[in-house]
Amino acid sequence: MVKAYVLIKAQVGKEENVLREILGLSVTDEAHKVFGPYDIVAEVRGRDMETLVEIITDKVRKIDGIEDTQSILVIDNEIDMTSTSFMS
């Protein structure tokens, strides 16, 4: 299991809707509204790195009202990055 924190910048006035959508995803462990350059921080997980990238790209980033995201990979466990297809 791999995990990432996704920092989300939402369109003005759409923060609550984006938060609800993020929390509705089965891959979201937690999500919170925050102050600062981003509006929401979400903790998402996937079974492996490729799945996590697909989740962030195909589910999270396509939520209506999201302007920008920044993903931070959690490295609590050692990860073999060479086994993923996007590290060619």
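The values are calculated or read from the model by the stated rules, or taken from the named source; none is laboratory data. The shown structure was predicted, so the numbers you read here are calculated from the model rather than taken from an experiment. Cβ atoms come from the backbone with ideal geometry, glycine included; neighbour counts cover every protein chain shown.
Assorted remarks:
Rundown of residues vs (1) surrounded by 14 or more Cβ atoms within 10 Å (Cβ to Cβ); (2) at pLDDT below 95, yes/no style:
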{"position": "Tyr38", "(1), (2)": "yes, no"}
{"position": "Arg47", "(1), (2)": "no, yes"}
{"position": "Thr51", "(1), (2)": "yes, yes"}
{"position": "Gly65", "(1), (2)": "yes, no"}
{"position": "Glu78", "(1), (2)": "no, yes"}
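- Filtering the range 54-63 to residues that are surrounded by fewer than 18 Cβ atoms within 10 Å (Cβ to Cβ) and of a type outside the set (S, T, N, Q) leaves Glu54, Asp58, Lys59, Arg61, Lys62.
- Subset of the range 7-36 that is acidic (Asp, Glu) and crowded, with 16+ Cβ neighbours inside 10 Å - its residue that is farthest from Thr57 (Cα to Cα): Glu15
- Among the candidates Thr69, Thr82, residue that is out of contact with any His (no Cβ under 9 Å at 6 or more places or on another chain), at pLDDT below 95 and β-branched (Val, Ile, Thr): Thr82
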